[in-house]
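Notes follow once the structure below has been shown.
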Amino acid sequence: MDSITFLDKLSAKIKEDFPLDMNCLTIVVPNKRAGVFLLDSLKKHYTKSVFAPVIISVEELIQTISGIKSIDSIELLFEFYSVYKEIHQEKSQDFDRYANWAKMLLQDFNEIDRYLLKPDHVFSYLKDIEDIKHWSLDPNQRTALIDNYLEFWKRMPEYYETLYACLLSKQRGYQGLIYREAVKKKEAFLEENKQQQFYFAGFNALNAAEELIIQYILLEGRGRVFWDIDEVFFNDPYHDAGLFLRRIKKTWKYYQTNPFEWIVDDFGKEKNIKIIQTPKSVGQAKIVGQILEDTIESGAQLDKTTVVLGDENLLLPVLYALPDKVNSLNITMGYEGKSNPVLILLNKIFKMHLSALRREGSQYVVYYKEVIDVLANPIFTSLVDATEVINQIKKKNLTFFSLERFSSWGEEVQNQLLQEVLESWEQKTPKEMLQKLLKIVLEIKEKLSNEGEEVLVKTFLYAAYNLLNRLVTYCEKYDFITSYETLYALYKQVMEMAEVSFEGEPLQGLQVMGVLESRVLDFDTVIVTSVNEGKFPSGKTQNSFIPYDVKREFGLPTFKEKDAIYSFHFYHLLLRAKNIYLLYNSQSEGLDAGEKSRFLTQLEIEKQPKHHLSNLTYSAFLPEKAYEPIKIEKSILLQQQLEKIATETKGFSPSSLSSYLRNPVQFYMQRVLRIKEVEEVEENVALNTLGTIIHNALENLYRPYVGFNLVEFDVIKMLEIADEEVAKQFEEVYNSDRERMGKNLLAFEVAKRNVYHFLKVELEQLKEGDKVRILELEKELFYTLLDESLPYPVNLFGVVDRIEERNGIVRVIDYKTGRVNSNDVKLSKWEGLTMELKNEKIIQLLLYALMYSEENKDKPIEAGIYSFKNRKEGFLFFGVREGRSVNCQINQEILKIFKAELIQLLIAILNPDQAFVEEIK
């Protein structure tokens with residue numbers, strides 16, 4: 001037999017007590033959502049048309065009794081800051097520092113008022129505790145920090161009284177103030193509403209003010225209370241789900257002569273409970289989608305199904321995981337502002353401009369990472385194609401640059417939204433900055449459609465629009481918001497406090513809600529996520545200035561009571577449900593770590609006879625091997641491409657052959673498929689970029705002397721202009737609008753010193769009598785290798801940094817920015833030379849020698865490397881070890897042996913039966 005829902009039972013009772021007319025009835029429920037469902041239930045019980053009763057939330061009732069309007073948490077923070085500044089005058093803290101402690105203190109004010117404590121008594125008690133903590137300090141040893149700290153506790157009563165009086169004069173108040181004032185006016189309220197009856201339904205934990213008001217109404221014979229507690233929880237003196245109601249039944253005078261309504265027997269009925277564990281929180285979203293799909297296929301009604309999110313950050317993953325068959329949906333939960341994707345985008349825009357405003361000097365320059373952060377934001381990329389702008393930043397290697405640059409890029413930035421985001425904030429007031437953000441929000445709205453995911457984005461956009469408008473109002477109302485720093489601090493605080501509310505048809509379709517929104521409601525199928533310690537229940541969070549033992553003494557709620565509230569909500573969700581799915585994160589390590597909730601353990605240990613409880617584990621598929629090397633077979637098409645590279649283009653370079661030895665798949669990606677590495681902005685000068693700067697500087701310095709014999713005067717002239725040439729190359733190769741500073745300044749100095757030392761060595765050698773003639777600079781060499789063992793002629797090419805004739809010997813020189821040792825270019829045995837990566841420098845030098853000797857067969861050749869990180873050893877020449885001596889001369893016989901080894905490497909590359917197999921380090 002199906003259990004009757006609490007609201008249906010309540011509706012039947014109301015029909016019994018008020019069969020014809022409900023004009024004199026006011027029904028008080030925990031929240032507005034419960035009121036909507038109650039009204040729908042009442043419709044089913046009345047066959048004739050009648051006026052509905054007044055259905056209000058408990059907070060609305062309290063506000064009505066007190067006659068005071070509620071103030072939102074953000075404006076309360078401002079009002080308190082005005083009070084605080086008035087008390088401290090010039091000694092007051094800036095808003096950012098103040099907000100860090102003010103939110104906690106306001107929360108304590110609220111609790112003190114809700115539980116009707118005497119503020120002076122509580123604050124003096126706290127001050128005495130702090131005095132005792134520091135009593136042992138000699139007055140002469142007390143620092144200004146300790147004095148200020150104790151002064152804060154001493155000032156608490158003044159903060160409270162001044163704020164209370166200020167708000168009361170404006171007939172505005174936070175929740176606690178409204179409750180305290182309502183208690184004072186409860187008699188007058190009942191006197192004004194003599195005919196009205198009050199039914200309180202579905203409550204659990206009540207604060208002292210609520211208890212006092214409800215008890216007064218009951219004892220005056222003007223109302224009734226309908227609880228909803230199962231006998232399993234109520235009769236067990238240790239079960240937290242019944243903690244508050246057991247206490248109420250025991251302490252309320254009303255229940256000495258009246259029955260306690262209602263204790264039900266629904267929890268022990270037949271239920272299918274599945275406890276599902278999965279690693280990582282987001283994995284739960286996929287499981288929710290699968291459960292819903294199975295639920296729909298089984299014929300269950302979606303409007304009797306709910307998904308309760310223990311962690312509201314799972315909302316978006318759950319929405320994306322919903323099956324297509326879910327055609328109507330109602331979201332009822334507070335989604336925190338700091339997770340709002342639109343506010344996150346606006347925060348990134350704010351940070352980008354704020355960083356520019358904070359920089360010293362007159363130039364308004366932005367940092368490339370912050371710009372890319374904005375342009376690559378998912379919301380932004382879905383509306384604007386900023387690829388060209390990002391490519392320009394990377395291509396020109398812009399680290400810090402002026403926003404004026406964008407206007408010179410023409411069509412790429414002819415987008416209104418992009419222009420609004422990239423327009424300078426220089427000289428703008430805080431109000432103008434907010435209006436700029438509002439303009440961006442409206443531009444985004446114009447580009448959004450009313451379909452699919454963009455509808456959800458509009459909800460987030462609307463929340464952001466409201467928040468910014470409120471901030472504009474606050475800027476006009478409060479005079480302390482004068483700087484962009486204060487505005488940003490304010491924006492961050494407001495962003496954390498601003499919740500996103502969703503609108504939908506509450507009585508139709510799947511219900512997605514938070515824990516508190518589930519109060520009073522009953523569903524057949526319940527899916528609860530994040531049933532982990534710290535989430536459900538929320539754990540021992542102490543966000544208060546009042547210590548635990550003091551709270552216990554004064555009767556204020558602690559984490560013990562908070563856990564009992566969660567316990568009641570958890571078990572009420574299960575109370576009348578038939579199919580229950582409880583999901584939790586089983587990952588025990590890392591940032592997303594989770595621990596199974598005590599509620600799940602309690603369900604297992606205290607298992608009811610009719611409960612069918614099962615434990616399931618969902619985990620990702622793990623292959624037997626963690627990773628297999630990539631293997632690329634040489635198809636006909638690939639063989640044709642290799643032949644094209646070898647015969648129709650320049651062919652293979654020394655670096656491409658080294659790439660093959662390093663990793664054949666990397667060779668395939670870069671040389672065959674021509675896939676370039678992603679271009680990134682170099683924030684600091686990379687080693688290869690530094691090498692390019694030095695190479696180009698030396699080339700430009702030596703270029704006028706190609707074909708001539710060098711003399712000392714020539715090198716002296718080069719030394720005079722060397723620094724200027726390095727600076728020029730630095731700007732051309734490593735482009736930046738920012739002065740050279742930090743690591744880049746060090747790199748600049750390293751480049752200058754390397755060029756200087758190279759030229760100094762050149763000058764000394766000329767003084768010692770060296771005869772030097774510069775033959776070529778950055779010379780591109782070509783060679784076609786013919787051999788019957790090769791399937792076709794293979795082209796080879798390379799670019800040599802410098803070819804010179806020194807003392808009658810031709811030398812082929814390659815500059816290296818990295819470290820190279822003399823052993824790296826010395827050869828002991830020829831066998832297998834081209835099959836080992838350690839020989840890459842030798843292969844490169846011999847390949848240069850082979851290509852150059854094709855046109856200069858009669859001249860003796862030496863090939864060497866100049867390592868800027870190993871300057872002491874000077875030029876490092878290739879040599880063959882012959883006993884204890886080394887022969888550095890490269891003749892035709894050596895080149896013949898090298899050619900034979902090189903052919904072996906080329907055969908391996910071109911062999912159709914030898915696949916490219918990834919080299920795993």
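The values are calculated or read from the model by the stated rules, or taken from the named source; none is laboratory data. What you are looking at is a predicted structure, and each value in this text was computed from that prediction instead of being measured. A quick note on method: Cβ atoms are made from the backbone with ideal geometry, for glycine too, and the neighbour counts reach across all protein chains shown.
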Candidate set: region 618-639, residues that are surrounded by 10 or more Cβ atoms within 10 Å (Cβ to Cβ) and at pLDDT 90 or above; chosen: the one nearest to residue 783 (Cα to Cα): 639
Please verify whether residue 297 is surrounded by fewer than 16 Cβ atoms within 10 Å (Cβ to Cβ) and either closer than 23 Å to residue 600 by Cα or in contact with a Lys or Arg (Cβ under 7 Å, 6 or more places away or on another chain) (or both), treating the condition exactly as stated. no
Within region 706-726, can one find any residue that is at pLDDT below 85, on the phi < 0 side of the Ramachandran plot, outside any helix (DSSP H, G or I) and not small (Gly, Ala, Ser)? no
In region 566-597, how many residues are closer than 15 Å to residue 538 by Cα, out of contact with any Asp or Glu (no Cβ under 9 Å at 6 or more places or on another chain) and modelled with pLDDT of 90 or more? 2
Within region 350-361, can one find any residue that is farther than 17 Å from residue 485 by Cα and in contact (Cβ under 8 Å) with a residue 40 or more places away in the chain? no
Checking the condition modelled with pLDDT of 85 or more and either on the phi < 0 side of the Ramachandran plot or touching a Ser or Thr at 6+ places or on another chain (Cβ under 6 Å) (or both), which residue from 404, 446, 451 passes? 446
Of the residues in region 880-893, those that are surrounded by fewer than 21 Cβ atoms within 10 Å (Cβ to Cβ) and in contact (Cβ under 8 Å) with a residue 24 or more places away in the chain number 7
Of the residues in region 840-885 that are assigned to a loop (DSSP other than H, G, I, E, B) and of a type in the set (A, V, I, L, M, F, W, C), the one that is farthest from the chain's Cα centre (by Cα) is 878
I'd like the residue in region 776-829 that is small (Gly, Ala, Ser) and either assigned to a strand (DSSP E or B) or closer than 16 Å to residue 904 by Cα (or both) and, out of all such residues, is nearest to the chain's Cα centre (by Cα). 798
Residues of region 886-921 being charged (D, E, K, R) and either assigned to a helix (DSSP H, G or I) or under 16 Å from residue 851 (Cβ atoms) (or both), which ones? 893, 896, 899, 901
Of all residues in region 637-649, which are without any contact (Cβ under 8 Å) to a residue 60 or more places away in the chain and either small (Gly, Ala, Ser) or under 12 Å from residue 910 (Cα atoms) (or both)? 638, 640, 641, 644, 645
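Every residue, every condition in (1) buried (at least 18 other Cβ atoms within 10 Å of the Cβ); (2) part of a helix (DSSP H, G or I); (3) assigned by TED's automatic domain parsing to the domain that holds residue 578, yes or no:
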| position | (1), (2), (3) |
| --- | --- |
| 10 | yes, yes, no |
| 14 | yes, yes, no |
| 20 | no, no, no |
| 23 | no, no, no |
| 44 | no, yes, no |
| 47 | no, no, no |
| 50 | no, no, no |
| 55 | yes, no, no |
| 63 | yes, yes, no |
Given the criteria of a type outside the set (Val, Ile, Thr), surrounded by fewer than 18 Cβ atoms within 10 Å (Cβ to Cβ) and in the same structural domain as residue 868 (by TED's automatic domain parsing), does residue 786 qualify? yes
Regarding residue 168, is this residue over 30 Å from residue 130 (Cα atoms) and either in a helix (DSSP H, G or I) or polar (S, T, N, Q) (or both)? yes
Tell me, yes or no, whether region 721-729 has at least one residue that is buried (at least 19 other Cβ atoms within 10 Å of the Cβ) and either in contact with a strand residue (DSSP E or B) (Cβ under 7 Å, 6 or more places away or on another chain) or touching a residue at least 40 places away in the same chain (Cβ under 8 Å) (or both). no
Any idea which of 105, 116 is at pLDDT 90 or above, in a loop (DSSP other than H, G, I, E, B) and not assigned by TED's automatic domain parsing to the domain that holds residue 209? 116
